[in-house]
1. So if I take the centroid of the Cα atoms in segment 374-403 and the same for segment 69-117, what is the distance between those two points in Å?
2. If I take every Cα pair under 8 Å that is 6 or more residues apart in segment 5-189, average their sequence separation and divide by the length, what percent do I get for the relative contact order?
3. Expected output is a single nm value to one decimal: the length gained when fully extending between residue 23 and residue 106, i.e. 0.36 nm times separation in residues minus the C-alpha distance. What is it?
4. If you count the DSSP beta bridges with both ends in the chain, what percent of them are antiparallel, to the nearest 5?
5. Between 0 and 90 degrees, rounded to the nearest ten: what's the tilt of helix 5-18 against the longest Cα principal axis of the chain?
6. If N is the number of residues in segment 194-333, what value comes out of its Cα radius of gyration divided by 2.2 N^0.38 Å?
7. Binning every alpha carbon pair distance of the chain at 10 Å from zero, what are the percents per bin?
8. For segment 324-344 and segment 210-240, what is the centre-to-centre distance using only Cα atoms, to the nearest Å?
């Protein structure tokens with residue numbers, strides 16, 4: 001995460017060309033938001049490698065020239081549209097940037113990328129394992145089909161024993177098997193000159209009416225989840241559980257996100273009030289700030305609040321058409337606030353102009369949050385970086401912070417072979433997630 005995966009890959013491809021082994025183009029598939037970054041890095045560090053960007057409405061006329069270029073850049077969303085044309089070419093290498101995009105092997109995108117022909121395959125990711133071991137299997141099934149067995153074999157031999165039973169021997173076996181094929185770089189090893197980063201958890205107490213909305217939704221969702229578990233079991237109730245938790249998380253961000261009649265009339269959000277209190281102070285100190293949220297609708301509300309207070313900003317979400325323009329506006333110092341959706345801009349961007357990162361709403365996986373933070377705290381940063389995480393006290397958000405640690409142990413256990421792991425949802429963890437905000441509310 002911010003440790004030069006792109007440059008390492010380009011250096012490797014340049015050596016391949018210089019040594020005469022580059023007899024076919026390399027295909028790089030990346031998120032749409034990273035097309036500009038890849039093109040700029042190639043032009044800056046390896047200008048001897050020619051590059052073609054297959055993106056936009058005019059890309060179709062470029063396909064016949066693919067073999068004339070060293071590197072072909074395409075995107076995950078365009079795979080399904082361009083698969084037939086891309087499959088007509090045999091590549092020197094297929095490189096998946098942010099390879100966790102194929103973590104679900106059953107999606108159409110994952111199936112298509114496996115059908116592409118190449119001599120070499122490479123996955124680039126700061127988060128190869130986000131939620132469970134099955135995601136790691138999916139990446140290796142693309143890299144070396146059969147290396148970890150079939151999906152069912154992998155689940156029986158590794159995933160179930162490790163995740164559900166904490167089997168240390170199986171965990172060690174898996175770690176030893178995959179470790180030779182993982183090049184893992186830590187900041188402490190690669191970027192020792194990086195300035196420090198300081199993380200601060202800002203605890204927020206909900207306004208009375210907002211707390212009442214949270215509690216009313218919690219009670220109804222708790223009953224819904226219990227009924228689902230009772231009728232179909234815990235394993236088959238995950239969608240119901242996640243949907244219920246989503247609503248609680250939205251109330252924590254801003255009651256208007258849940259779009260209930262009562263919440264729509266309540267225009268107060270304790271978390272948004274906190275954000276609008278700290279931003280003027282930060283800007284006066286000359287800070288340049290990235291604000292991340294999973295909810296694009298929340299970014300809209302933040303944007304409205306900023307306009308009302310006379311603060312300028314730029315924004316990057318999945319709906320942003322002029323992505324490079326939005327990024328450049330911040331990089332060139334035209335604005336000091338950058339609102340970014342976690343899904344769209346949480347990976348791949350180089351925003352070392354920023355020295356402050358605000359995580360407006362926590363995400364289940366610590367690796368995803370770390371990816372967002374590393375947009376600023378990466379090679380090239382020369383200023384101390386401050387990270388603020390806004391968390392509602394005693395709410396589902398606070399419980400999520402504790403669950404993040406379990407996810408971290410799962411990933412570290414595979415990478416290093418030194419730690420155990422556990423499942424995300426248990427009967428006890430669900431009871432904790434749906435606990436009331438306070439004993440007072442429970443008594444009421």
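1. The two parts, judged by their Cα centres, are 32 Å apart.
2. 18
3. Separation in residues times 0.36 nm, less the Cα-Cα distance, equals 26.7 nm.
4. 0
5. 10
6. After normalising by residue count via 2.2 N^0.38 Å, the value is 1.28.
7. The calculated distribution, bin by bin, is 4, 19, 27, 27, 17, 5, 1, 0.
8. Here the two parts' Cα centres lie 38 Å apart.
Here, each number is a calculation from the coordinates, and none is a lab measurement. It should be emphasised that the depicted structure is a prediction, and the values quoted were computed from it without experimental measurement. Glycine gets a Cβ as well: all are built from the backbone with ideal geometry, and neighbour counts include every protein chain shown.
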